Amino acid sequence: MHGFELAFSVVAPLVIYMAIGALIKGLKLFSEDTLKEMNTVIFKVFIPLSLFFDIYNADLGSAVQWPLMIWTLVLITASFVAALLLSKKFISDRADVPTVTQGIFRSNTVLFGTVITSSIAGDEGSAIMAALLAVVVPLLNILAVIDFEVMRGGKVDVKKTLGQIAKNPLVLAGVLGALVNLSGLRVPEFLYKPLNVLGDLASPLALVVLGGMLSFKSMIGHKGRLLTAVACRLVVVPVVCIAIMALLGYRGAPMAALLAVFASPTAVASTPMAQTLGGNVRLAGEIVALSTVLSVVTIFLFTAAMSSMGLF
């Protein structure tokens with residue numbers, strides 16, 4: 001039951017945040033326009049602050065395992081390409097294609113990573129996860145921007161796409177966090193404390209807004225694309241990627257970190273990004289919500305199966 005308790009302990013607060021958002025919607029305390037405006041602020045301010053401090057605080061020293069990092073980045077990129085190609089083939093709506101694509105490849109590693117790895121592999125796992133976060137999170141955000149920019153135009157405009165990537169607040173925050181971390185510079189304490197607190201609000205606030213935007217009727221209308229994205233995110237991607245890494249010989253703490261990277265539900269930031277970059281914001285929110293709730297079961301099953309096979 002340890003794996004189930006672990007997954008539940010991570011997911012339960014997230015579900016509570018969404019429930020609070022649904023309650024706020026039911027009490028009519030926020031209008032639909034207010035929720036959309038809050039989503040924009042979360043995307044442009046709160047999540048970039050969270051990302052910056054995640055990378056700024058990461059230990060990029062002894063825990064760095066370059067082969068592990070490279071293979072992880074390769075598999076994330078491969079899952080993105082496969083998701084995009086399949087979405088383009090089977091989905092005609094241009095707003096839904098990038099939304100489903102990011103729902104499949106973009107995992108909530110920030111929220112789930114350290115909790116899962118520390119529980120399974122202790123301090124060694126936490127150190128490996130911190131190093132992985134420094135490269136995985138920026139890549140996920142860069143690929144998400146490419147995802148939406150490719151589908152927003154009729155054809156791939158490399159110069160324009162690179163320009164949009166360079167201006168994206170999440171990419172800028174990730175690059176800045178890495179540069180400050182590697183340079184050894186320290187953020188002054190009078191700035192660090194208030195800005196870090198604002199960054200910590202990113203995920204709870206995004207989930208509250210998400211809860212306020214969820215619609216059961218909309219979920220029924222999107223059920224085919226919703227279930228496909230969630231099944232790929234929680235089952236197909238982790239099975240394929242973890243199997244490949246196991247065949248490459250990874251075991252123990254690195255495998256615990258890989259479980260967090262590949263088996264986590266869809267990233268909370270997917271919803272405000274879909275709204276800002278022209279995706280289907282309701283579908284994006286539904287993918288986040290459903291994948292988060294169902295991850296209690298899937299993470300438990302992966303933990304139990306991988307443990308019985310001696311992978312950690």
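Just so you know, all these numbers are worked out from the coordinates, no wet-lab data involved. Because the structure is predicted, anything quoted here is derived from the model rather than measured. A quick note on method: Cβ atoms are made from the backbone with ideal geometry, for glycine too, and the neighbour counts reach across all protein chains shown.
A few remarks follow.
- Selected from S270, S126, S92 as most flexible by GNM, with the chain as the system and alpha-carbon contacts under 10 Å: S92
- The aspartates and glutamates within cross-link reach of K223, meaning a Cα-to-Cα straight distance under 14 Å and a gap of 8 or more places when in the same chain, are D96, E286.
- Using the Cβ-Cβ distance between A231 and M69 with R0 = 25 Å, the FRET efficiency computed as 1/(1 + (r/R0)^6) comes to roughly 0.35.
- Segment 106-169 and segment 32-102 have Cα centres spaced 4 Å apart.
- Long-range tail of P(r) for segment 29-110 (Cα pairs > 18 Å, %): 65
- Largest mean-square fluctuation among P48, P13, P67, in a Gaussian network model of the chain whose springs join Cα atoms under 10 Å apart, belongs to P67.
- Model label points for I24 and L172, set 7 angstrom from Cα along the Cα-to-Cβ axis, are 2.5 nm apart.
- Under the span-like rule (Cα at least 27 Å along the axis, Kyte-Doolittle mean at least 1.6), DSSP H helices of the chain: 281-308
- The radius of gyration of the Cα set in segment 235-312, together with its Dmax, comes out at 14.7, 44 angstrom.
- Comparing I104, I55, I16 in a Gaussian network model of the chain (Cα springs below 10 Å), the most mobile by mean-square fluctuation is I16.
- Three-way shape label, the chain, alpha-carbon gyration tensor, a/c 1.5: rounded
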